[in-house]
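Chemist: The structure follows.
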Amino acid sequence: MKRAFEKIPNSWYEQIINLLAERVVVVDRNGIIIYINEGYCEFIGTTVEEAVNRPVQDVIENSRMHIVAKTGQTELAALQSINGSEMIANRFPLFENGEIVGALGSVMFRNPEEWQMYKTKIQNLVEELNYYQARAQRDLQSKYNFNDLIGDSPAFLSVKKLAQRISGSNSSVLLIGESGTGKELFAHAIHHNSMRASGPFVAINCSSIPEHLLESELFGYEDGAFTGAKKGGKKGQFEMANKGTLFLDEIGDMPLSMQSKLLRVLQEKEIYRVGGQKSISVDVRIIAATHRDLEKMVKKGDFRQDLYYRLNVIKIEIPPLRQRGEDIILISNWLLKKLGTKFYRNSIELSPEVAVRLTQHSWPGNIRELENVLERSINVLDGKVIKLPHLPLYLRDQEADITEEAKINVHDEHQPANIHELSPSLSVQPLKEAVVAAEKQAMQRALAVAKGNKLKAAKLLGISKTSFYDKCKLYSIK
Ligand SMILES: Nc1ncnc2c1ncn2[C@@H]1O[C@H](COP(=O)(O)OP(=O)(O)OP(=O)(O)O)[C@@H](O)[C@H]1O
Ligand SMILES: [Mg+2]
């Protein structure tokens, strides 16, 4: 290091110092100026000769150099007012053999124009920050409404109608449904359709937050509540959701200890921050969701019965996709439009074979699975029509699926002698016919599963008894 400096000619030093920070001052340990450069002198309206050997506080307005030369404490980016402008100063103590010998000071901006330039830059950053803050605030609003909930089947429409009807109420809502059935979408839509729509929509996934953090996440904490806690404390999701809706997703995964705390809040309508003494009242509507069987959990002691009753004021059960086969094509077309926009691939269609195949599948992953299948198909597609080879293997392989079906029905005496009677003709071309074939097949499957009980079969399909009978007539199903 020392050797590197030796190579610099003495005559360069002043220039280098000036370029690094045009305004530089060095004081001894008594705060007497022993060096000050011309740039600094020019700025404060003095000369080097006049300034040197004088106490720094007599020469530079609001200087703290004499203090740093005593305390040995560095002061970085300190605001200092000189000539009516706020300058940004850095002050460093200088040491020799471990003893303070003086201090070095520099002003970060070399002229008012430069300061102006930085100020503009900072101004831009502040504006950007405000923009993102506003956006984060917007993220606390619901993103979907009831128009985004696609489906025409009676089973789906009745659930949607119920959700619409109860949106305005302040009662808790419990959304039950398999994974991917649209629980989150429903929660957004209910909030959007409520009197709280202009308030925040705050979503929290109870299964993804470690148990020990859940309490502070929900209720916030006070300053110094635990090591690592943010200074000044932090608001919890309940406070954030005040005057709005709090969506407690995967409520079935909430640990029992937290369940009691949640119950207390729902009853008292007030919270205590972790480490806090005073209660804070909150006005929050709760929408909870789970794919678990809460009643079973209550019986097993894994979910508090009293909390279950509190949440279960309005229960909305979203039917799985396999119980509303009529919606599959409708939702697929809607998803294709959505994905088309995302991938800049417009007017993509399903081939009739694919339409049949999609209506045959049981969709354990529901609409999320359907969305993934279509996204994958678009990615492997060159033209505009999704055909069988574009589907993932497990959907393409119809033989395998039929064998699967044979396995399911193996103990079923009502099952037709030849399982292949159930398989549709894949040579069907027009979409209308494809859908008819799929519908017919879905009905036959439902009848087989319901062991010939038409009422049960209609229920499985999510359609009314009358429309099931009408369709039986239409398709000559006995
Ligand atoms: N009725 C619907 N119409 C159109 N798209 C839907 C519908 N229901 C769900 N979706 C879409 O399906 C996907 C899954 O929905 P969502 O995340 O709401 O399901 P979920 O029930 O919360 O699932 P999980 O239990 O796995 O969290 C989302 O991309 C959503 O946009
Ligand atoms: Mg979800």
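Chemist: Here is a list: ARG304, ARG322. Which entry is modelled with pLDDT under 95 and over 24 Å from ALA197 (Cβ atoms)?
Modeler: ARG322
Chemist: If I ask for residues that are over 24 Å from LYS269 (Cα atoms) and away from ligand 2 (no atom under 14 Å from the Cβ), which ones from the range 164-184 would you list?
Modeler: GLN164, ARG165
Chemist: Quick check: anything in the range 198-211 over 18 Å from LEU263 (Cα atoms), surrounded by 16 or more Cβ atoms within 10 Å (Cβ to Cβ), away from ligand 2 (no atom under 16 Å from the Cβ) and at pLDDT below 95?
Modeler: Among the residues of the range 198-211, at least one is over 18 Å from LEU263 (Cα atoms), surrounded by 16 or more Cβ atoms within 10 Å (Cβ to Cβ), away from ligand 2 (no atom under 16 Å from the Cβ) and at pLDDT below 95, which makes the answer yes.
Chemist: Then there's this: Which of the residues that make up the range 267-292 are open to solvent by less than 40 Å² (accessible area, probe 1.4 Å) and under 23 Å from GLN141 (Cβ atoms)?
Modeler: ILE271, ILE280, VAL282, VAL284, ARG285, ILE286, ILE287, ALA288, ALA289
Chemist: Could you list, in sequence order, all residues of the range 299-322 that are out of contact with any strand residue (DSSP E or B) (no Cβ under 8 Å at 6 or more places or on another chain) and surrounded by 17 or more Cβ atoms within 10 Å (Cβ to Cβ)?
Modeler: Residues satisfying the conditions are PHE303, ARG304, LEU307, TYR308, ARG310, PRO319, PRO320, LEU321, ARG322.
Chemist: Another one. Just the residues that are of a type in the set (D, E, K, R) and open to solvent by less than 30 Å² (accessible area, probe 1.4 Å), please, taken from the range 12-31.
Modeler: The one that is of a type in the set (D, E, K, R) and open to solvent by less than 30 Å² (accessible area, probe 1.4 Å): ARG23.
Chemist: Which helices (runs of 4 or more DSSP H) sit wholly inside the range 313-382 and have at least 3 residues that are more than 14 Å from ligand 1 (Cβ to nearest atom) and not polar (S, T, N, Q)?
Modeler: The helices (runs of 4 or more DSSP H) meeting that bar are 352-360.
Chemist: With GLY244, GLY220, GLY236 as the choices, which residue is modelled with pLDDT of 90 or more, open to solvent by less than 20 Å² (accessible area, probe 1.4 Å) and farther than 24 Å from TYR308 by Cβ?
Modeler: One residue alone meets the criteria, GLY220.
Chemist: Would you mind stating whether PHE92 is assigned to a helix (DSSP H, G or I) and not basic (Lys, Arg)?
Modeler: No, not satisfied.
Chemist: If ASP148 satisfies every condition in (1) within 16 Å of ligand 2 (Cβ to nearest atom); (2) charged (D, E, K, R); (3) surrounded by 19 or more Cβ atoms within 10 Å (Cβ to Cβ) but one, which is the exception?
Modeler: For ASP148, the exception is condition (3).
Chemist: Right, next: Out of LYS432, LYS478, LYS407, LYS473, report the one residue that is modelled with pLDDT under 80, on the phi < 0 side of the Ramachandran plot, out of contact with any strand residue (DSSP E or B) (no Cβ under 9 Å at 6 or more places or on another chain) and not in a helix (DSSP H, G or I).
Modeler: The conditions single out LYS478.
Chemist: May I pose another question? Out of the residues in the range 441-469 that are in contact with a Ser or Thr (Cβ under 9 Å, 6 or more places away or on another chain) and in a helix (DSSP H, G or I), state the one that is farthest from ALA155 (Cα to Cα).
Modeler: GLN441
Chemist: Would you be able to say whether some residue in the range 350-360 is open to solvent by less than 40 Å² (accessible area, probe 1.4 Å), modelled with pLDDT of 90 or more and of a type in the set (Ser, Thr, Tyr)?
Modeler: Looking for residues that are open to solvent by less than 40 Å² (accessible area, probe 1.4 Å), modelled with pLDDT of 90 or more and of a type in the set (Ser, Thr, Tyr), one finds at least one in the range 350-360, hence yes.
Chemist: Something else now. Identify all residues within the range 53-85 that are of a type in the set (Val, Ile, Thr), outside any helix (DSSP H, G or I) and open to solvent by 40 Å² or more (accessible area, probe 1.4 Å); write none if there are none.
Modeler: THR74
Chemist: What's the total number of residues in the range 164-197 that are touching a Pro at 6+ places or on another chain (Cβ under 7 Å) and open to solvent by 40 Å² or more (accessible area, probe 1.4 Å)?
Modeler: Of the residues in that region, 1 qualify.
The values are calculated or read from the model by the stated rules, or taken from the named source; none is laboratory data. Everything numeric here is computed off the predicted structure, so don't read it as measured data. Every residue, glycine among them, receives a Cβ derived from its backbone with ideal geometry; neighbour counts consider all protein chains shown. Side chains are part of the model used for accessible areas, which takes the heavy atoms of the whole protein and leaves out ligands, DNA and RNA. Shrake-Rupley method; radii C 1.70, N 1.55, O 1.52, S 1.80 Å.
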